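Quick notes on the structure that follows.
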2 protein chains.
Amino acid sequence: MTDLLPPIQTTARDDAVLKALAGFVRQEALGPGEKLPTERILAERLKVSRNTVREALTRWEGLGLVERRQGSGTYLKAAVSPDMLHMPLTLAGGNDFAGLMATLEIRRALEAEAAALCAIRAGKAELAEIERKLDLMEEAFQTRDGMSSEEDWEFHQAVFRASGNPLFEQIIAAMYEMFHRFWEHPLGVRDFGHASFPYHRTIFNCIAAHDPEGARAEALKLIATVEDDLKRGAANLKLSDRR
Amino acid sequence: MTDLLPPIQTTARDDAVLKALAGFVRQEALGPGEKLPTERILAERLKVSRNTVREALTRWEGLGLVERRQGSGTYLKAAVSPDMLHMPLTLAGGNDFAGLMATLEIRRALEAEAAALCAIRAGKAELAEIERKLDLMEEAFQTRDGMSSEEDWEFHQAVFRASGNPLFEQIIAAMYEMFHRFWEHPLGVRDFGHASFPYHRTIFNCIAAHDPEGARAEALKLIATVEDDLKRGAANLKLSDRR
DNA sequence: GTGGTTCAATGGTCCAACCAATTTCTGCAC
DNA sequence: GTGCAGAAATTGGTTGGACCATTGAACCAC
């Protein structure tokens, strides 16, 4: 009794605009940073109102695909293709401890899996890149006494990228803003992140040895230390209510 | 209706509109499904043009926070708060086999973690809800000879929801469209999904017994069967180029 | 009740301006 | 020719008003 009667679609102009624009971008082989036609031109060419064009572009802007600069133009921020899948995530109350723990749980799941996949799939080039990031991070850690969040992040990004699955990097990158917001205000925990330091190299060693389960285990240990730091920070935070 | 919604002041109008609207939603304690003021009312109250209101609402619609129904009104689809964090993801080329495998790897990571967390955190009410979905699914499986994708999905949703971390459900729900697209055209694999059937109950048993590692292991087995079905389907697909 | 009809409300689209930020061009001083 | 300030053009942002398409409720005949 499956009544497969999908609703018919009579009007979908702004969607049509986006589809046309996606086709245009593909045909012109436009990449990130390049400028696309002005709203007035698009409206004229597509035979729709400028308002409709603007609504369509607003959608893309909200999805982070495009950046508008008043007086200058509209620029691509990411690669687009006609058959993209959009996953807008919203995390309510992202500023507090609970929200941070929630993202950390996601990160634990993804980081462990990515490390394991990376151990299986990473080739020589990827391994070299990861090791380069690792060296940079360790150097920064020594010279700046533990302040290596930027390099730390780049190491993890390299691992995600070498997992062979672009989704890992994308999801984590989307959550980066939240982590970053936090890393700059370590809740009074002076040595935040120090405990996680040694595990970066143990993870790399397992990956280089093509030991998926080892890499997974080390990644889990790393996240556990971050979780621990976070809980210590939460205790410090109990008294001061920030914003 | 109360006369909240004070006029907007500065530039960055549409952003200000969203902030004001978020505040309004919070003060009125509006929940999902409830209707919010019409565009014309908002424009008048906030002292901005209706177009500006529309651009703001278009943003929220693109983020899946709101649903517009022509002739009816604009309705909340999710809880909103003034300090939300948005993480829009876009994945290119989601239609092909590689894209499907990529999402499945994400699902493996999240499903295993969520099952484990669920085994730790699920209370009596959550357990009962999961078991209800499980019963529905098993019944549908028997009576419709394996066609239980809808109920199957609801079971997994219940598990994610009981994990205590809303991000799991959100990420997976965002990927649902891709899975669903596929489930309706099982690539010629007649008994697609059959192999995964028994693991639903074993997962539930582990969750009910508060056995995190057991639940994780069973979830991994389930995903493995789906992966296997998918690979069989890919072989069938080699010859026919769809769409 | 069932099935149409009417009608007001609401989102969707369009137009024609104007504003604000940016870029580009122009012309003068040197 | 060079450099730079100011004018002009370009472009996204906003406004107000108009009309269309869909929805849903009230109403009416049967």
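Here are B:Ala12, B:Ala22, B:Ala16: which of them is at pLDDT 80 or above, of a type in the set (A, V, I, L, M, F, W, C) and within 15 Å of DNA strand D (Cβ to nearest atom)?
When all the criteria are applied, what remains is B:Ala16.
For A:Glu55, state whether it is part of a helix (DSSP H, G or I), near DNA strand C (Cβ under 9 Å from one of its atoms), closer than 25 Å to B:Leu85 by Cα and charged (D, E, K, R).
Yes, satisfied.
Just to check your reading of the model, which residue among B:Ala78, B:Ala115, B:Ala125, B:Ala119 is modelled with pLDDT of 75 or more and within 9 Å of chain A (Cβ to nearest Cβ)?
On inspection, the qualifying residue turns out to be B:Ala78.
Of the residues that make up region A:34-52, is at least one buried (at least 22 other Cβ atoms within 10 Å of the Cβ) and assigned to a helix (DSSP H, G or I)?
yes
Pairs under 6 Å by beta carbon, first residue on the phi < 0 side of the Ramachandran plot and polar (S, T, N, Q) in region A:20-45, partner buried (at least 16 other Cβ atoms within 10 Å of the Cβ) and not in a helix (DSSP H, G or I), six or more apart or different chains?
none
How do the pairs read when you match residues in region A:215-233 that are in contact (Cβ under 8 Å) with a residue 60 or more places away in the chain with residues anywhere that are among the acidic types (Asp, Glu), using Cβ under 7 Å and keeping only pairs 6 or more apart or on different chains?
Within 7 Å, the pairs are A:Ala219/A:Glu111; A:Ile223/A:Glu111.
Would you please name the residue that is least open to solvent (accessible area, probe 1.4 Å), looking only at residues in region A:64-84 that are more than 10 Å from DNA strand C (Cβ to nearest atom) and among the basic types (Lys, Arg)?
A:Arg68
Condition check: surrounded by fewer than 22 Cβ atoms within 10 Å (Cβ to Cβ) and either over 30 Å from A:Ala114 (Cα atoms) or assigned by TED's automatic domain parsing to the domain that holds B:Pro212 (or both). Does B:Ala125 satisfy that?
Judged against the criteria, B:Ala125 is a match.
On the basis of being within 12 Å of DNA strand D (Cβ to nearest atom) and modelled with pLDDT of 85 or more, does A:Leu65 make the cut?
no
Do you know which of the residues in region B:193-243 that are in a loop (DSSP other than H, G, I, E, B) and modelled with pLDDT of 90 or more is most open to solvent (accessible area, probe 1.4 Å)?
Among those residues, the one meeting the criterion is B:His210.
Checking A:Leu30 against (1) outside any loop (DSSP other than H, G, I, E, B); (2) more than 14 Å from DNA strand C (Cβ to nearest atom); (3) modelled with pLDDT under 85, only one condition comes out false. Which one?
Of everything listed in (1) outside any loop (DSSP other than H, G, I, E, B); (2) more than 14 Å from DNA strand C (Cβ to nearest atom); (3) modelled with pLDDT under 85, A:Leu30 misses just condition (1).
Here is a check on your reading of the model: is A:Arg181 open to solvent by 50 Å² or more (accessible area, probe 1.4 Å), within 14 Å of chain B (Cβ to nearest Cβ) and modelled with pLDDT under 75?
The answer is yes for A:Arg181.
The values are calculated or read from the model by the stated rules, or taken from the named source; none is laboratory data. The shown structure was predicted, so the numbers you read here are calculated from the model rather than taken from an experiment. FYI the Cβ positions are ideal-geometry reconstructions off the backbone, even for glycines, and counts take in every protein chain you see. Keep in mind that these areas ignore ligands, DNA and RNA; they rest on the heavy atoms of the full protein, side chains included. Shrake-Rupley method; radii C 1.70, N 1.55, O 1.52, S 1.80 Å.
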